[in-house]
Amino acid sequence: MVNIVFMGTPHFAVETLKQIISSGFFVSSVVTTPDKPAGRGLKLQPSPVKTFALEHNIPVLQPEKLSDESFVSKIKELNPDIIVVVAFRKLPQSVWSIPKLGTFNVHTSLLPQYRGAAPINHAIMNGETKTGISTFLLDEQIDTGKILLQKEVEITNTDTFLEVHDKLMFLGAECAIATINMLIGNDYKAIDQSKIEIKDGILHPAPKIHKEDCKIDWNNNVVKIYNQIRGLSPIPAAYTEITNSKGELLSIKIFHSEYKICPNENNNPLGSIISDGKKFLGIQASNGVIYITDLQLAGKKRMQIEDFLRGTKIS
């Protein structure tokens, strides 16, 4: 029986773990992050992967540091044939070199493009029309190991982060099962990422999203802003600030929008509001207008634009 150790944390990783179990593979242990305080009471909350593992009677390890000798020794005791990594931290060589058949990661991009923590967000924000899943053998760097398997998915012009996330969540599980079988049967050819042709010679990184990445710059063109909104929806969400009729500055998160490329015939200042106060709210950008359709005022519930305008008078 093939012995698998699974490493992951968020909801995205649960689907792969679920498929590994339902495919009849033996998972001797799950490794995830320590419980973290959350909610108003700041009670310790387990990761989605831990919750799923305990529901299926799989032992769980939650090391603070992956390089601790006690943790490394525990993985050696488990003697896994394969380690499967999905949305987890960088592993030290002392861990990923343990399995007989290898340690592989399920990454949500077509490597070598979009290496890093936020590949889905950045692919959408850059206006990509396709992305995919890459499984690769771990090495000393981040997301640079030899490719085992890749499969593509389409990004439509209306897809948000959440929609692409869900497409890749199921495709990632499918690719993980296929990769496990490839390793078991020694039926694969690992491809060095340096041998893969890069479109236009440009390598796009995918670093972690920070708050400054979420603020909209109205000097940008409408397509760039529209893609930024899609790529950050619903989490962490693009945002801007507008002024109400009382002169108060309001911060709003934007989840959905539409755009119109058009000349600024009235010479509206960039970032100024165009609205009838009832059904639509547009904001002037460099080459057109972004129309907000779904938003959330700080401290309030998410709402459609008509509901927002009904309760908020805009300057």
Residues in segment 136-169 reached by a label modelled at Q93 [backbone nitrogen below 18 Å; 7 Å Cα→Cβ]: 137-146
Explain nothing, just the number: relative contact order of segment 114-193, from Cα pairs under 8 Å at least 6 residues apart, as a whole percent. 32 percent
Sparse-neighbourhood loop hits (trypsin sites (Lys or Arg not before Pro), segment 195-253; DSSP loop; Cβ within 10 Å at most 12 others) -> K208, K246
Cα-based shape type of segment 117-167, given that a ≥ b ≥ c are square roots of the gyration tensor eigenvalues and the cut on a/c is 1.5: prolate
Sorted by average packing, counted as other Cβ atoms within 10 angstrom per residue and highest first, what order do 52-63, 133-144 take? 133-144, 52-63
If you take every residue apart from N287 with its C-beta less than 11 Å away from the C-beta of N287, what net charge results, scoring Lys and Arg +1 and Asp and Glu -1? +2
In segment 159-292, what percentage of the DSSP-assigned beta bridges are antiparallel, given to the nearest 5? 95 percent
Which aspartates and glutamates have a Cα less than 13 Å from the Cα of K199, not counting those fewer than 8 places away in the same chain? E128
With the contact rule set at Cα under 8 Å and sequence spacing of 6 or more, what percent relative contact order holds for segment 200-243? 38 percent
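Taking the square root of 5 times each eigenvalue of the Cα gyration tensor, what semi-axes in Å does the equivalent ellipsoid of segment 99-190 have, largest first?
25, 14, 9
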FRET efficiency, 1/(1 + (r/R0)^6) with R0 30 Å, evaluated for K43 and I314 via beta carbons: 0.15
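Where does the chain land on Rg(C-alpha)/(2.2 N^0.38 Å)?
Values: Rg = 22.7 Å, N = 315, 2.2 N^0.38 = 19.6 Å.
That works out to 1.16 for the chain.
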Rounded to the nearest 0.05, what FRET efficiency do N79 and K208 have when you use their Cβ-Cβ distance and R0 = 30 Å? 0.35
At q = 0.13, 0.19, 0.20 Å⁻¹, what is the base-10 log of I(q)/I(0) for segment 172-315 according to the Debye formula with one equal point scatterer per Cα and no solvent? Please give it to two decimals. -0.67, -1.12, -1.22
For I142 and N266, extending 7 Å from Cα along the Cα-Cβ vector and measuring point to point gives, in nm, a value of 4.5 nm
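Taking N as the number of residues in segment 1-154, what is its Cα Rg relative to 2.2 N^0.38 Å?
Segment 1-154 yields a ratio of 1.06.
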Whole-number percent relative contact order across the chain, with pairs defined as alpha carbons under 8 Å at least 6 apart: 13 percent
May I ask you to derive the FRET efficiency for A178 and T158 from their Cβ-Cβ distance with R0 = 30 Å, giving the value to the nearest 0.05? 0.55
Hey, which of these cross-link pairs are over 30 Å Cα-Cα: K146/K211; K211/K300; K36/K253; K43/K253; K224/K279? K146/K211
Carbon + sulfur, % of accessible area of the chain - ligands and nucleic acids excluded, 1.4 Å: 51 percent
Separation between Cα centres of segment 204-265 and segment 111-144, rounded to whole Å: 23 Å
Give me the number: length gained by fully extending K36 to I273, i.e. 0.36 nm times residue separation minus the C-alpha to C-alpha distance, one decimal in nm. 81.2 nm
Report the GluC sites (Glu not before Pro) located in segment 152-209 that are in a DSSP loop and have at most 12 other Cβ atoms inside 10 Å of their Cβ, or state none. E197
Taking the alpha-carbon distance from K18 and a cut-off under 18 Å, which aspartates and glutamates remain once sequence neighbours fewer than 8 residues away in the same chain are dropped? E55, D166, E174
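Multiply the residue separation of K215 and S22 by 0.36 nm, subtract the distance between their alpha-carbon atoms, and state the gained length in nm to one decimal.
Computed gain between K215 and S22 is 65.3 nm.
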Let me know the shape class of segment 50-124, please: from the alpha-carbon gyration tensor, a ≥ b ≥ c as square roots of the eigenvalues, rounded when a/c is under 1.5, otherwise prolate if a/b is greater than b/c, or oblate. prolate
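The values are calculated or read from the model by the stated rules, or taken from the named source; none is laboratory data. Note that this is a predicted model, so its numbers are computed, not measured. Don't worry about glycine lacking a Cβ; one is built from the backbone with ideal geometry, like all the others, and counts go over all protein chains shown. In case anyone asks, the SASA skips ligands and DNA or RNA and just uses the protein heavy atoms, side chains included. Shrake-Rupley method; radii C 1.70, N 1.55, O 1.52, S 1.80 Å.
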